[in-house]
Structure formats: structure tokens, C-alpha cells
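Everything on this sheet refers to the single structure shown next.
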Number of protein chains: 2
Amino acid sequence: MIVNLLNKLARRDMLDEHERAVLMAAPAGTKQFGPRRNIVRQGEPLTQSMLLLDGFVCRYIDLADGKRQILEFHMPGDFIDLQGFLLKSLEHNMASVSPVTVALVPHTTLRHITENEPHLTRLLWFTTLIDAAIHRQWIVSNGRRSAIARVAHLMCELDTRLDVAGLSDGNSFFLPFTQADIADATGLTSIHVNRMLRVLRDDGVMTFRDGRVTITNRPALADIAEFDPAYLYLHSEPR
Amino acid sequence: MIVNLLNKLARRDMLDEHERAVLMAAPAGTKQFGPRRNIVRQGEPLTQSMLLLDGFVCRYIDLADGKRQILEFHMPGDFIDLQGFLLKSLEHNMASVSPVTVALVPHTTLRHITENEPHLTRLLWFTTLIDAAIHRQWIVSNGRRSAIARVAHLMCELDTRLDVAGLSDGNSFFLPFTQADIADATGLTSIHVNRMLRVLRDDGVMTFRDGRVTITNRPALADIAEFDPAYLYLHSEPR
DNA sequence: CGTCGTGTTGACATCTCTCAACGTACGTGG
DNA sequence: CCACGTACGTTGAGAGATGTCAACACGACG
């Protein structure tokens, strides 16, 4: 639902009725993808951007030796290739993880917004700055955190973002990832991710089974991850 | 010089005379910092953004166990905390590496630009998208590249960006970093960085001595790094 | 009923880290 | 001018975290 985006923005700043209407009217249609489909290919020229309505998406880069690095996970409410509006193509790939529905927003519409809606433009710009802040935490994870802290931090991030999107029931959330996905996101092997998940489970911190994460000891999880949600800028300010 | 920013933007899109004049008039003053000084502290409220005129700056996050992760390096022409305009504070720190001069642009001026200069706004937004693309490459490096490839990729990135900024003489550039800085950027120890630099030197690929990088075999360096400059979006397009 | 994708576990390998020692350059104070 | 401390770089030896390889379990699905 596009209402997920409105909620996400409204949490960070006031949105007036006119701005809500402009956003509601932005999509020119929707599109569906099955699981594990390419959505945007590296280098492909783009003329529209996608707002994720349902399902999970990831960005990734493949290396020459077959290794893959996932760069970010996206959930409903995320404007998944808004960058493409100004970059004109992406230097990485985007793929569905689960079955996915997106709303298509033509770049001409985005251009119109940037010409006529300065406040809305700032809010859209802002959402891309949050993506960059998430990237920075992943740099820290992959660079300096231990394997168990990387997994824990990713789970804390997803927990917090899914809660903002209204997709968490408080202590558990649906997460259609494989252990290999988590490995490619955290720069580990799926075998080692499996071991770290077992440690977290054995220690009563969290479980990840059948596509569902259940957090059984949130303070312990945040402590292992050294998680501080400040980087998600969840408070409202005039922007 | 603010002309570095104009060049950086003009390489990605046309800038008209009026827009150049607006940018030239944006700074309300300049400020200098000695080497290794804090420039912006995590969480500090911001009311102006800084355009780097001279010297090198880094963003970083410190972890509880004393480890540090550098998130990005900045060079003259970079609008180093433009994000602060919309984020209102940063979740990481910024520090000078060398002596530094910055131009100060009040957020009120940036707000005026976003209200009245849609094209210039898109270009400023664009520069923050480049930062995010750089972040993504660092995620890949720290997550999936070997130690030698991480060092090589960082050097390729700096070489390319410094060339765009007019701060490279073609095969060598001034780089006032310590091996510990490179270690904190690449998620390695300074001892291992030292070993990797020795390998690159012994193999005739590049040297880093006395604050100067000299690339002696560029194809070999790019090959080790698997470096593709596409992520820096160096071509001009209407944006 | 076989195959494939995914998860699980153990044994061993290896890359990078840790610890330690030492060299050099430079500034500072006696 | 010399003595000393500090920052940075260099090298070696051993340790440890994570990767690699291999085997097997299980369910989904054609």
C-alpha cells in the first residue's frame, strides 16, 4: 500500500493534504514479480521509479569469482529505485526476494514534483539519505563487527524498519530470506550464518525459522549488535 | 576553491550562469581546521553545511571496543555535510585528516535553493546519491573483497575522484593518510595494510610513501580491485 | 520417486589478527 | 647539541575467527 510510504514520511515530518494527494496520484500503474526475479539490471536506462507495495526486495552486486554482496533490503513503503530518477541507471542490480508488487512512478512525475513541490522534494531526498545512513551501518558491520554482531545488527535493523512500516507484531516478523541471503548481506558464508543463528537461538536471544524471526531477548540482541536506531532518523522535524 | 564543486557538477550536467552565481554566492564564510580535528560530532544539531575547499576529511564511527570504521573520505569540491541540511544532525562523526578549509553554507540558503532552484536542487541531491553509491562499493569491499583488493579498490576510487577534482597529475597524487587510516577504511589492521602495500609495491603496481600515491601499473591495480568507475556516474546527462 | 533448494553439523584449512620487537623521523625540552 | 618521547612504519611468529569441503536430513515439487 502506498499508505506505507505516507506513514514513513509522516513519521519524519508533517505532510499536508495536498502533498498526500500528490503522492497518492503519482503511480501510473502497478507491476508484480515472482520471487527471485531481476527487477532492475545494472546499467539499464530507467524512465520510472518503483514504490514497493508488497514483498521484499534486495540490491546486490555480483563479483567475478561468483561471490555476491547484498547492499540493502527493502520492504513495503520503500521507494526502491528513487535514485534512478537522477542517476538515470543503477550501478547495481535489484531483485525480488519474495513475490513483489510495486507501483510505477514515471520520472516525468518526479520531475514535476521537484519543479512544483519543494517540501515534498526535500522529503523524497530525505528518504535517499536514510538509505545512505543504512549503507554506512553496513560498512561498519562488514568492516569491524564480529560475525555474530553482523547478524544481530541486521536483525535489529529489520526489526526496527518493519515496525515503522507496521509489519512487526512487536516481537516477531515475517522474513522470507534464506540463510544464504543473510550471508550475502553480512559478508559471511551461509554455513557460518547458520552457526551464528544457532548461537543466538541456544542463548535464547532470537530464532529464525520457517521465514519468521522471533526476538526472545531484545536487550541482549541490541547489546550483541551494539545497535543504536539513531541512524534511522525516526523523529519528526521540519525538513 | 568552490570552483571544484562547479567542475564536479558540470561534469554530470549543464550548469547555467545563474546557477553558478547562486552557488558562488551560497557560502557565508570560511573556516579552517588543523589536522586530526573533529569537524562535526555525532548527534550535534546542525544549522549550516560545509563545502570542502582544501584538504582531506573523513567520516567515521567509533565502536565500544575501540575499533574505528571510516565511512568515506572527502576531498576539495565535496559538499561534506550536505546531508545535515535534511537530517538535522549526523549519526556519525566527521574529522579533518590534513589541515582543512571549508566554506560555510547556512541551511537557510540551502532551503532557499530548494524553494527556488529546482534544477540546482536536483544536482545537489544527485551529489548525495554519489556518496551513497560510494558507500555501496565500500560495503562490497568490506564484505566480499580480499585484503589486497580492498586496498587496491580504495586507491582506484581516490585516484578517479582526485582526477575529477583536478588533484591528480595522471599517475600520482598527494594523499595525507596514515596506514592506520587505510586500515580503518578497509576494515583491516594497519599491520596487514602495511603487508598489502608491500605486496603492491613489490609487484610494481603502486607505491604509497611520504603521503604520495604513485600508480605504476594501472591496469594491474584496477584488475586486483575489480574496479569499474561506473558507480561514480562521471558522464553528463540532463538531470 | 528422484531432484533441487535449504538447512545442519563436523573436520580441517587459511586469511587476517594479535602480540611483540625494532627502526626512523621529528619535535621538544634540558 | 643531545636525550627523550611520540607517531608511524616494518617485520616475524603464533593465534583465532571464519572459510572450505564433505556428508547428510528434510520438505517441496515435478
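The values are calculated or read from the model by the stated rules, or taken from the named source; none is laboratory data. Here the structure is a predicted model, which means the values were calculated and not measured. No Cβ is skipped: glycine too gets one built from the backbone with ideal geometry, and neighbour counts run over all protein chains shown. Quick note on the areas: whole protein, heavy atoms, side chains included, nothing else; ligands and nucleic acids left out. Shrake-Rupley method; radii C 1.70, N 1.55, O 1.52, S 1.80 Å.
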Query raised in the report: What single numbered condition from (1) outside the structural domain of A:R201 (by TED's automatic domain parsing); (2) within 16 Å of DNA strand D (Cβ to nearest atom) fails to hold for A:S141?
Result: (1)
Requested in this report: Confirm whether B:A180 is touching a Leu at 6+ places or on another chain (Cβ under 6 Å) and either closer than 19 Å to A:V140 by Cβ or within 12 Å of DNA strand D (Cβ to nearest atom) (or both).
Outcome: no
Query raised in the report: Out of curiosity, is B:L104 surrounded by 20 or more Cβ atoms within 10 Å (Cβ to Cβ) and not charged (D, E, K, R)?
Result: no
Query raised in the report: Is there a residue being open to solvent by 30 Å² or more (accessible area, probe 1.4 Å) and closer than 30 Å to B:I113 by Cα anywhere in segment A:192-204?
Result: no
Query raised in the report: Of the residues A:T108, A:T160, A:T128, A:T101, which is away from DNA strand D (no atom under 16 Å from the Cβ), more than 16 Å from the chain's Cα centre (by Cα) and either closer than 30 Å to B:L63 by Cα or β-branched (V, I, T) (or both)?
Result: A:T108
Query raised in the report: Is there a residue in segment B:213-224 that is under 20 Å from B:R36 (Cβ atoms) and either open to solvent by 40 Å² or more (accessible area, probe 1.4 Å) or assigned by TED's automatic domain parsing to the domain that holds B:L9 (or both)?
Result: no
Query raised in the report: Can you find even one residue in segment B:42-50 that is over 18 Å from A:Y231 (Cβ atoms) and open to solvent by less than 10 Å² (accessible area, probe 1.4 Å)?
Result: yes
**Report entry** Close pairs from segment B:215-239: first in contact (Cβ under 8 Å) with a residue 24 or more places away in the chain, partner assigned to a loop (DSSP other than H, G, I, E, B) and of a type in the set (S, T, N, Q), Cβ under 6 Å, at least 6 apart
**Finding:** B:I215/B:N171
**Report entry** Matching residues in segment A:102-139 - criterion: being touching a strand residue (DSSP E or B) at 6+ places or on another chain (Cβ under 8 Å) and free of Cβ contacts under 8 Å to residues at least 12 places away in the same chain
**Finding:** A:I139
Query - Residue list for segment A:84-96, restricted to those being buried (at least 22 other Cβ atoms within 10 Å of the Cβ), outside any helix (DSSP H, G or I) and at the interface with chain B (Cβ under 8 Å from one of its Cβ atoms) - result: A:H92
Query raised in the report: Within segment A:1-77, which strands (runs of 3 or more DSSP E) (wholly inside it) include 1 or more residues that are assigned by TED's automatic domain parsing to the domain that holds A:R122 and in contact with a Lys or Arg (Cβ under 6 Å, 6 or more places away or on another chain)?
Result: A:57-62, A:68-74
